[in-house]
Amino acid sequence: MIADGGLATELEARGHDLSDALWSARLLADAPEEIEATHRAFFAAGARIATTASYQASFDGFAARGIGRTEAARLLRHSVALAARARDAIAAHDRTTAPARTRTTGPARPGAAEAAGHPGTGDSAVPPRPAPTRWVAASVGPYGAALADGSEYRGRYGRSVAALRDWHRPRLEVLAEAGPDLFALETVPDTDEAAALAEAVRGLGVPAWLSFTIAGDRTRAGQPLAEAFAIAAEIPEIVATGVNCCDPAEVAEAITLAREVTTKPVIVYPNSGEDWDPATRRWTTPAPHTRTGTAPIIDPVTPARDWTRRGAKIIGGCCRVRPSQIHDLHLRLSPETGASQC
């Protein structure tokens, strides 16, 4: 299944300044139509999952901009609504352009978790109903993302698991009210925060994937990645696990490790392969990979077939991965993964 690419960096490519501490969440108030248009672009490119503009959104972050709790909750819910509107617009376009064909009666199509190869968390006693063929994932970034100081790439915030759980839970509750298909618990740098998020999603009725940002075979905070994946393996609400916002060269080994630790579907969505220079605030082409000595991968599409062979079930992109690359990914993988039928 194909996921979308980098929402925030695509908004920057469309001319928006996202240097604000809220990052793409600022546009929920200032330019929501641009967020919706970007979701549509990724869907049109072949993505089956849209990740909402709520990654850096938090009640604390909105409060720092003078936005009260009621309005902050509305904006969080609106992030889900914008992605859902984009999905519905693409679905309507599909209906008007698809050739006429005879309807047949058959089993309901699977939800996102089932389509990726996991049984999901639904009650088997409830009669099945038709599910969408595109999904909205409510993005939930780490605590460090709300600090807007790069802490999500370090972890080790000095906060307890309970404190992190209590910080995440209110926005998860609000996002759940908006009716996303699943949560994207993403760019998690630390096993403590992973444990906190796993506790925070309990009882909300929304399945989730749990995705880590990594440095080789460890989290950004330095814990063994196997320990991180093991957290996902133990929590029924977590229906997939993997890595994101990382070097494409790190993905293959992460897939292999995830498959050794858990039977849940593996999701991967790395960055473009470029390096972010915080001093110049520019993306640069990296030097040859320090560990392997090989040239850097500047295109996450190229190794994607190897990732599917290793067992990845959901593949997309993170920072600087654009709709054109998602379209290439869709064309490359559809015959192999059945993405066009997911």
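No value in this document is a laboratory result; all are computed from the given coordinates. Model, not experiment: these values are computed from the prediction. FYI the Cβ positions are ideal-geometry reconstructions off the backbone, even for glycines, and counts take in every protein chain you see.
Observations, loosely collected:
- Diagonalising the gyration tensor over the Cα atoms of the stretch 1-78 and scaling each eigenvalue by 5 before taking the square root yields semi-axes of 23, 13, 10 Å, largest first.
- Principal semi-axes in Å for the stretch 149-204 [√(5λ), Cα gyration tensor, largest first]: 21, 12, 9
- Phi angles of the stretch 180-188 translate, via the Karplus equation with coefficients 6.51, -1.76, 1.60 and θ = phi - 60°, into HN-Hα couplings of x, 6, 6, 9, 9, 8, 10, 6, 7 Hz per residue; Gly and Pro are given as x.
- Note on residue 252 and residue 37: with the Förster distance fixed at 30 Å, the Cβ-Cβ geometry gives a FRET efficiency of about 0.35.
- Residue 324 paired with residue 70, simple spin-label distance in nm, labels 7 Å along Cα-to-beta-carbon: 4.6
- Gap separating the Cα centres of the stretch 195-238 and the stretch 28-104, nearest whole Å: 25
- Residue ranges 159-171, 188-200 sort as 188-200, 159-171 when ordered by packing (mean number of other C-beta atoms within 10 Å per residue, highest first).
- For residue 135, residues with placed amide H under 5 Å, excluding near neighbours: 49, 50
- Within the stretch 134-276, all pairs of alpha-carbon atoms sorted by distance into 10 Å bins from zero give the percentages 13, 47, 35, 6.
- Applying 1/(1 + (r/R0)^6) with R0 = 45 Å to the Cβ-Cβ distance of residue 44 and residue 227 gives a FRET efficiency near 0.70.
- Rounded D (µm²/s) - the stretch 217-278, Kirkwood Rh over Cα pairs, Stokes-Einstein at 25 °C, 0.890 mPa s: 202
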